[in-house]
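K.L.:
My questions all concern the structure below.
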Amino acid sequence: MIDLVFLIVFPLIAAVLLLVVSKDSIRDALVKISALLIGIVSLMTLFLYYNTGALYFPVGYQQVSQIIFLVEVFLALFILYLGIKYRKSLAVVLILVQLGLLAYFEMFCSEALHAVQNLFIDQLSIIMALIIGIIGSAIAVYAVGYMGTYHRNHPEVQDRRRTFFFMVFLFISSMFGLVFSNNLIWVFLFWELTTVCSFILIGYSRSEEAVNNAFLALVMNLLGGIAFAGALIYLAGIDPSGNLFEINQLISAGQALAIVPAVLISFAGITKAALMPFSSWLVGAMVAPTPVSALLHSSTMVKAGVYIIVRFSPVLSGSFEGLIIAMIGGFTFLLASAIAISQSNAKKVLAYSTIANLGLIVACAGIGTYKLVWAAIMLIIFHAIAKSLLFLCVGTVENRIGSKDIEDMAGLIVRMPKIAVMMFIGIAGMFLAPFGMLISKWVAIEAFIDAPFGIIFVTILAFGGSITVLFWSKWMGKIISITQYGKRVEGNIRSEKWFVLYLLTSLTVLVCLIFPLISSVLIEPFVLSVYGFTTRLAQDNIMIMVMMLFLLMIMPLSMLFYRNGAKELPPYMGGRPTTPDMKFAGSMGIVRESSFSNYYFEQYCGESRLLMAGTGLCLGLILIGATLLLGVIV
Amino acid sequence: MISILNAVLFIILAPLIGGLIAGIDRKITARMQGRMGPPLLQPFYDVAKLFEKENVVVTPSQNYYVLSYIVFIAVSGALFFSGGDLLLVIFAFTLAHIFLVLGAYSTNSPYSFIGAERELIQIIAYEPMIILSAVGMYMVTKSFFVSDIMNSPIPVIVYLPGIFIGFLMVLTIKLRKSPFDLSTSHHAHQEIVKGVTTEFSGSGLGKIEIAHWYENVFLLGFIYLFFAFNPVIALAAIIVTYLIEIFIDNTFSRVKWQYTIKSAWIVAGTLGIVNLAVLYYLSGVMG
């Protein structure tokens, strides 16, 4: 148990230290050492607990609960202060509502509560801890180098790196808290902490856009927070003894008792996971420095949202409310993928692809059969790794060439070959066989066929899946075009950045090789313990996938063979005289430049249009869900 | 469950069969246009000649992508004929095509570039329908494995008429037949020169041609699955289907990409989905 407490408390201590230390070199060392320790200890949890099943630990309640209440009130007052300072009335109203709910809960409900098994660990928590501990801390290490360059390139932004790293480690600490807490009141505290951390980090540059987007994120997540608080009050109402505040007891209490809190908490999960209609906060969050985006998209924040829905999917499974949640996820997957086609800003493409994949995870968890939960957890793992790699690649490119537009990445393979190859692997990891995301989508298709109303989701996957192929491959094509005029600009990238990028690239490939192991050691026991059934890929298929992966890895060797012996000619330009940088002789002796740009299908996949459709559709579904829920409560 | 022998047979025989089909295709097409047409073995002569040509490239890396293309086309076809998982076959197939697209992108040539974009549009036009076909076969035979579908006594076509029509529709795209030969074409008339294959010559182009033969044999094998309960009917169905495709090729002029994707998706979204929904309902009713 001590390691669980360590993982929650140690990042907190590191965070406070980082807030105090002002010397760059000490801060850098501190970040690296803390990240290393967090990574090691989270790996330790794997070896200590992978075969112990779910373990529950009693932790002193009375004192801790008062501290929790005080921290929550402090957070609320802090938001209230900022809301008033920046004149954001909606945020103020929402935080007042939440404060009211908290006060009500504290006065009328908390008297008799004595949840005992406050901390726990099971295989799902281990997976989440590994994601947070390894990827989250790797991103923190990357941020050390990135933030230095960021402040050199953006002299207008006040250097608040102490706050930055404080928030990053606080974020990691609260994520650990979230996945290790069995007491919903604790989960709620950490939930609110992640909201506040993301709020501060998004608004880091304090530009008007950053502040607005930070408040957008805050407002949407506060809506979720209010639903969460509502779930707590409801639970206190139906069971004054407080046993149901323990997640495992609540889930085993059965659908009749648990459906209302499960749906309310899933709603909170939907806001946190930025599904439609709440997707705009995550897209807006990309104004933050890139490591923040990487953190929000891969190992923290949005993963908290899907984690909690996967946690509650046994309750949602088979209910009409669960179907509605799954449909919100499904439509989000389809529409967000389509929007990604129309975007040329790399970070926006990544953002919409995250939203889409979170939608898919929620679709799986909402239907919640054992196969789908398997697929959902696989998606969480693969997505976290590949997406963090992609964000960090884009961040590195941006630092170097000063643009995050995909069109400006033409010929990246010539200019920054190593980064381009890593980006290539990351993108392949997102949609190609035999890489991770595709494995999960494949299992999801198979699983949806047998699930109730599955045909809707099979269709969504068939169409949505091919849409993803389009926007990823045109990006891939852009970076691998061999432009004759490109100059190599890859020097001067700090070694710890390289280290993190290499680490994530190897992880992307490695998890594809060892996913059967991950499945049999962690996911299958978890699914088995929750559902009594489990699933896996057929042995034959695994063999073939591994063979394909090896084939993919040895194919590039053919480059050595092709390197010499071929006669190189310029591309066909209709017979016109053309210079190496593709300027060709037009008529009347005028020299014309040629440039090509990808298709973006603005007229079909325009952001505003599809966003409106998605918002309408998903808001409607939420309203139906809310009506159903009212019916159950009343 | 996986038959290695079939895989090896496919890798050896498919180019021969594919080349022969291409020869017959050219012969029939010529007759439809009132010409004599080339000898039956002309496709083989053409490809053999390509391999004798000088190796001319825009960038050496394009050869790598084309090699990957033909390797993965062969792998996915071999996986299909050895009785593997249909969805995995489809995914491997997509992977192979992405390599062709990347090869075109890598040359940084305007005609290849447009060809690559159009090839991607074609991929997303046909992929949903092919996945829905696999799903339909699973719903009828309760297995994704080609070996099980092959040995199933159920007349799959009876349950999947809508899916089959949808599949025929995307087959035209896949066979690179007019009206959907957007990204590259067998014919000389193409406003984007040769599209994806513009910058390929010599052995590179030869590999693309052989890969296309592999692909065609695989696609015709897919038709077989609809009729697997009776091999004679299945063979007849394949022949009739191919003749229809040649006929369509010669009677329709090329359409725009917008029309291609719209029509393919509308067919997949109506015929395909309705077919699956009926099956779904029936399986619910009959337990």
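The values are calculated or read from the model by the stated rules, or taken from the named source; none is laboratory data. As the structure is a computational prediction, the values presented were derived from the model and not from experiment. Heads up, the Cβs are rebuilt from the backbone with ideal geometry, glycines too, and the neighbour counts pull from every protein chain shown. Quick note on the areas: whole protein, heavy atoms, side chains included, nothing else; ligands and nucleic acids left out. Shrake-Rupley method; radii C 1.70, N 1.55, O 1.52, S 1.80 Å.
K.L.:
Which of the helices in chain B meet the span-like rule: DSSP H, Cα axial reach of 20 Å or more, Kyte-Doolittle mean at least -1.0?
P.N.:
Helix filter hits for chain B: B:4-32, B:61-81, B:86-106, B:110-141, B:202-226, B:231-251.
K.L.:
Count, for each residue of B:107-119, the Cβ atoms from other chains sitting within 10 Å of its Cβ, then give me the mean as a whole number.
P.N.:
Taking all residues of B:107-119 together, the mean is 6.
K.L.:
Follow-up. Would you list which aspartates and glutamates come within 14 Å of B:K194, measuring only between C-alpha atoms, while excluding same-chain residues fewer than 8 positions from it?
P.N.:
Straight-distance partners of B:K194: B:E117, B:E119, B:D181, B:E209.
K.L.:
With a 10 Å radius around each residue's Cβ, average the other Cβ atoms per peptide and rank B:66-76, A:284-294, A:246-256, A:408-418, highest first.
P.N.:
A:284-294, B:66-76, A:408-418, A:246-256
K.L.:
Would region A:278-367 count as rounded, prolate or oblate if I go by the C-alpha gyration tensor, calling it rounded below 1.5 in a/c and otherwise prolate when a/b exceeds b/c, oblate otherwise?
P.N.:
Oblate.
K.L.:
Tell me the Kirkwood hydrodynamic radius of the protein assembly as shown in angstroms, computed as one over the mean inverse distance between distinct C-alpha pairs.
P.N.:
Averaging 1/r across every pair of different Cα atoms and inverting gives 28.9 Å.
K.L.:
Per residue of region A:377-391, in order, report the coupling 6.51 cos²θ - 1.76 cosθ + 1.60 (Karplus, θ = phi - 60°) as ³J(HN,Hα) in whole Hz, putting x for Gly and Pro.
P.N.:
Here the 3J(HN,Hα) series is 5, 4, 4, 4, 5, 4, 5, 4, 6, 5, 6, 5, 4, 5, 4 Hz.
K.L.:
Counting only residues 5 or more places away or on other chains, whose amide H sits under 5 Å from the amide H of A:F57 once H atoms are built in the peptide plane?
P.N.:
For A:F57, whose amide H was placed from the backbone, the distant partners under 5 Å are A:N118, A:L119, A:F120.
K.L.:
Please work out the average accessible area per residue across region A:1-305, using the 1.4 Å probe convention, and give it in Å².
P.N.:
I get 34 Å² per residue for this part.
K.L.:
Listed highest first by mean packing, meaning other Cβ atoms within 10 Å per residue, what order do A:208-219, B:194-205, A:133-144 come in?
P.N.:
By packing density, highest mean first, the sequence is A:133-144, B:194-205, A:208-219.
K.L.:
Can you classify region B:96-164 as rounded, prolate or oblate using the Cα gyration tensor, where a ≥ b ≥ c are the square roots of its eigenvalues, rounded means a/c under 1.5, and otherwise it's prolate if a/b beats b/c and oblate if not? Write out the running numbers ahead of the final one.
P.N.:
On the way: a/c = 5.03, a/b = 2.89, b/c = 1.74.
Prolate is the answer for region B:96-164, as a/c is 1.5 or above and a/b outweighs b/c.
K.L.:
State the percentage of accessible surface on chain A attributable to carbon and sulfur atoms; use a 1.4 Å probe and exclude ligands, DNA and RNA.
P.N.:
So the carbon and sulfur contribution to the accessible surface is 68 percent.
K.L.:
Rolling a 1.4 angstrom probe over the protein heavy atoms, how many square angstrom per residue are accessible across region A:453-567?
P.N.:
Per residue, region A:453-567 has 44 Å² of solvent-accessible surface.
K.L.:
Then there is this: List, in order, the whole-Hz ³J(HN,Hα) value for each residue of region A:169-181 obtained from phi through the Karplus relation with A = 6.51, B = -1.76, C = 1.60 and θ = phi - 60°; use x for Gly and Pro.
P.N.:
In residue order, the calculated couplings are 6, 4, 4, 4, 4, 6, 5, 4, x, 4, 7, 9, 7 Hz.
K.L.:
Grab the other residues whose beta carbon is less than 12 angstrom from that of A:A229, score K and R as +1, D and E as -1, and report the net.
P.N.:
Counting the neighbours of A:A229, the net charge comes to -3.
K.L.:
Leaving out same-chain residues fewer than 8 places away, which lysines sit with a Cα under 19 Å from that of A:K418?
P.N.:
Straight-distance partners of A:K418: A:K387, A:K404, A:K478, A:K487, A:K497.
K.L.:
Ok, one more. Kindly state, as a whole number, the per residue volume in cubic angstrom of the convex hull around the alpha carbon atoms of region B:4-286.
P.N.:
Cα convex hull per residue, to the nearest whole number: 120 Å³.
K.L.:
Would you mind giving the total buried accessible surface between chains A and B, with a 1.4 Å probe and ligands, DNA and RNA left out, rounded to the nearest 100 Å²?
P.N.:
The contact between B and A buries close to 5800 Å².
K.L.:
Additional query: Inside 10 Å of the C-beta atoms of A:567-577, what's the mean count of C-beta atoms belonging to other chains?
P.N.:
Averaged over the peptide's residues, the number is 4.
K.L.:
Normalised by the residues of region A:1-305, what does the relative contact order come to in percent, with Cα pairs under 8 Å and at least six apart? Write out the running numbers ahead of the final one.
P.N.:
Values: 429 pairs, mean separation 71.6, N = 305.
This gives 23 percent for region A:1-305.
K.L.:
Just from the alpha-carbon atoms, what are the Rg and Dmax of region A:91-216 in angstroms?
P.N.:
According to the Cα coordinates of region A:91-216, Rg and Dmax are 17.8, 56 Å.
K.L.:
If you plug each phi of region A:347-364 into the Karplus form 6.51 cos²θ - 1.76 cosθ + 1.60 with θ = phi - 60°, what whole-Hz ³J(HN,Hα) values come out, in order, with x for Gly and Pro?
P.N.:
Along region A:347-364, the couplings run 5, 6, 4, 4, 4, 5, 5, 4, 4, 4, 5, 5, x, 5, 4, 5, 4, 5 Hz.
K.L.:
Using only alpha carbon positions, build the gyration tensor of region A:1-305, then give the equivalent ellipsoid semi-axes as the square roots of 5 times its eigenvalues, largest first, whole angstrom.
P.N.:
Ellipsoid semi-axes (Å, largest first): 30, 24, 16.
K.L.:
Mind checking A:424-431 for the average number of partner chain beta-carbons within 10 Å of each residue's beta-carbon?
P.N.:
Other-chain Cβ atoms within 10 Å of each residue's Cβ, averaged: 1.
K.L.:
With 10 Å bins from zero, work out the P(r) of region A:47-139 over every alpha carbon pair and list the percent per bin.
P.N.:
13, 27, 27, 27, 5, 0
K.L.:
How much of the calculated P(r) for region B:162-249 lies past 16 Å, in percent of all Cα pairs? Kindly include the intermediate steps, with their values, before the conclusion.
P.N.:
Details: 2256 of 3828 pairs.
Here the long-distance tail beyond 16 Å is 59 percent of all Cα pairs in region B:162-249.
K.L.:
Return the subset of A:K371/A:K474; A:K32/A:K272; A:K441/A:K474; A:K567/B:K49; B:K177/B:K262; A:K441/B:K262 for which the Cα-Cα distance in this structure is over 26 Å, preserving the input order.
P.N.:
Among A:K371/A:K474; A:K32/A:K272; A:K441/A:K474; A:K567/B:K49; B:K177/B:K262; A:K441/B:K262, the Cα-Cα distance tops 26 Å for A:K371/A:K474; A:K32/A:K272.
K.L.:
How much mean residue ellipticity at 222 nm does chain B get from its helices, if each DSSP H run of length 4 or more adds -39500 (n - 2.57) and you divide by all residues, to the nearest 500 deg cm²/dmol?
P.N.:
My calculation for chain B gives -24500 deg cm²/dmol from helical runs alone.
K.L.:
Taking Rh as the Kirkwood radius computed over C-alpha pairs, what is the Stokes-Einstein D of region A:198-340 at 4 °C in a medium of viscosity 1.567 mPa s, expressed in µm² per second?
P.N.:
Answer, rounded: 81 µm²/s.
K.L.:
Ordering A:K88, A:K23 by how much accessible area each has at a 1.4 Å probe, largest first, what is the list?
P.N.:
A:K23, A:K88
K.L.:
Evaluate 2.2 N^0.38 Å with N set to the residue count of region B:44-197, then give the Cα radius of gyration divided by it.
P.N.:
1.18
K.L.:
Sort the following peptides by mean Cβ neighbour count (other Cβ atoms within 10 Å, averaged over residues), highest first: B:57-65, B:25-33.
P.N.:
B:57-65, B:25-33
K.L.:
Sequence-distant or interchain residues sharing an amide H contact under 5 Å with A:D405, placed H: which?
P.N.:
Residues meeting the amide H criterion: A:A346.
K.L.:
Return one whole number: the accessible area per residue of chain B in Å², for a 1.4 Å probe.
P.N.:
Ligands and nucleic acids excluded, the figure is 36 Å² per residue.
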